[in-house]
Structures are given as C-alpha cells and as structure tokens.
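These notes are about the structure you will find just below.
The values are calculated or read from the model by the stated rules, or taken from the named source; none is laboratory data. In this text the structure is predicted, and so the values were computed from the model without any measurement. Cβ sites come from the backbone with ideal geometry, for glycine too, and all protein chains shown count toward neighbours.
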C-alpha cells in the first residue's frame, strides 16, 4: 500500500460502495463487513474518512448506520482490550464526533440519553464515560469563561455569584468544580502581550475586587486548601510571576479578605508547600 497508494484509493472506493448499499445485506453479512472494516483500518489499508458515508440520509433512515457503527466499534474495542483512546482518535480523524453519532440515531430517539443507552447496550460504557467527561469539561470551560466575561463587564460579585449558582444547578456541578471555575475566571488573562508586572497587578486587582465572590464559593477548611493549591498551580505555570512573589501576595490578600483562614494556610504549609519550594529552587537554578 505504501509503495502503491493508488491501491488504497481504489479500496476506499470499493468500501464506500459497500457501505452505501450495506442496508441490503443480511445481518451476518453486515457483521462480517463491520469486522472487515476494522481490520482494514487497523492495517492502514483504507482511510478512516470512508466511515463518513455512514452519515448519509439513506443509511441513517434505514437504521444501517447505527447498527453497523455499533458493531464496528465493539469489534475495535475488543481487539484493543477495551481501550477507547485509540477509538476516539479514529473517530476524530473520521470526523465522527459525538454530535455526528447522535445524528445516526432515529429521529424519534435522537437524544444523548438514547445514544448513551445504545452504546452501553453494546458494551461501550467506557466510550460513554469519555463522552460524559468531555461534556463536563466543556461545561466547566464555559462557566469559567462566563465568569471572566462578567468580570470584564464589571458585574458586581453578588450578581456573578447568583449566575454561577444557577449554572451549577443546571449542570449538576459540585462545590469544588464551582470553586475552580470561579478562580479560573478571576485569574484568566487572554492578553498574551502583558508584561509580568502587569499580569501580577491585574491578578491582585481582580482578587481584591472579587474576593467576596470567592468567599461565597469557598467555605470550609478543605475548600480553602483546595483554593490555595489551585492558586499555586496557576502561578507556578508562570516563572516570572512565581519569582515576583505573586503567590505570597495573593494568599496574603485572600487572608486579609477573610477568604482564607490561618488554619488552612498552616495546613497547606505543613503538607503541600514543599512543591512550591522545589519549583522555586528549579527556577533559580535555570535562571542562574
């Protein structure tokens, strides 16, 4: 195939024709075709884009697309010991994302819940978990961006808090996820041209202004420690901010604003601060 790429093109054309008329095959023939498709993809003998033909209206309405696809990915995951990472890459390359799979469902059953049930029925619980994880991650990113937009629009902390509570309830987010999104929204800076001292000044200014928002979503010693670690990880990603003492100033400011308690800071210092010290030592070694 590598020496004669035109053969792959011809095989792609053959597979395309087979997929387009797959609805006329018997159930056994469809199963064999699905297995053969998996083998050809694994051996790099056809391009994964031929799978896009499963999205045609005729294939979807006949029910062939969904059943064939489920058989195919069941076979693929069984050959890879249930691993779904490679499968997700394959689907991405074939441009068959979650929305595309949803479009393969019959119109009357076209819902995420129905798709998840179908995947589970075929032993693809891990794929469902990955889709749910991806969906949750998208929700968290949207919430953090929403907080950022409202901060840019200078919306009062109390109003942002009420909006965050509403979004958290709709999306069933836990307290830690809400805290992370609020902090990410406060800390996020999309202007890559800012100097380190400008980033530091903006961060501390946002913390000062929106500390009441953090106070509302950061209740209890465990949540306070989690916030400190979140701040630590954020600042540790920027060596200039790290070396300028921004972490110390941010924690001190939140302490003075009654967001962080002395006990939470002491607990962090006893059990977690060593990570920050190692990062600082590594930074000084690199810069020396």
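Points worth noting:
- Comparison of 91, 87, 101 shows that the only residue that is within 26 Å of residue 14 (Cβ to Cβ), modelled with pLDDT of 80 or more and part of a helix (DSSP H, G or I) is 101.
- Checking residue 205 against (1) surrounded by 13 or more Cβ atoms within 10 Å (Cβ to Cβ); (2) assigned to a helix (DSSP H, G or I), the condition it does not meet: (1)
- All of (1) at pLDDT 85 or above; (2) over 31 Å from the mean Cα position of the chain (by Cα) hold for residue 37 with one exception: (2).
- Of residues in the range 46-76 being touching a helix residue (DSSP H, G or I) at 6+ places or on another chain (Cβ under 6 Å) and not in a helix (DSSP H, G or I), the one nearest to residue 101 (Cα to Cα): 62
- Conditions (1) over 17 Å from residue 72 (Cβ atoms); (2) modelled with pLDDT of 85 or more; number of the one not met by residue 112: (2)
- Count of the range 70-98 residues which are closer than 16 Å to residue 121 by Cβ and over 24 Å from the mean Cα position of the chain (by Cα): 4
- Condition check for residue 39: free of Cβ contacts under 8 Å to residues at least 40 places away in the same chain, in a helix (DSSP H, G or I) and surrounded by 15 or more Cβ atoms within 10 Å (Cβ to Cβ): no
- Checked against the criteria, residue 96 counts as crowded, with 19+ Cβ neighbours inside 10 Å, at negative phi and not in a helix (DSSP H, G or I).
- Residue match in the range 213-235 (condition: assigned to a loop (DSSP other than H, G, I, E, B), surrounded by fewer than 15 Cβ atoms within 10 Å (Cβ to Cβ) and at pLDDT below 95): yes
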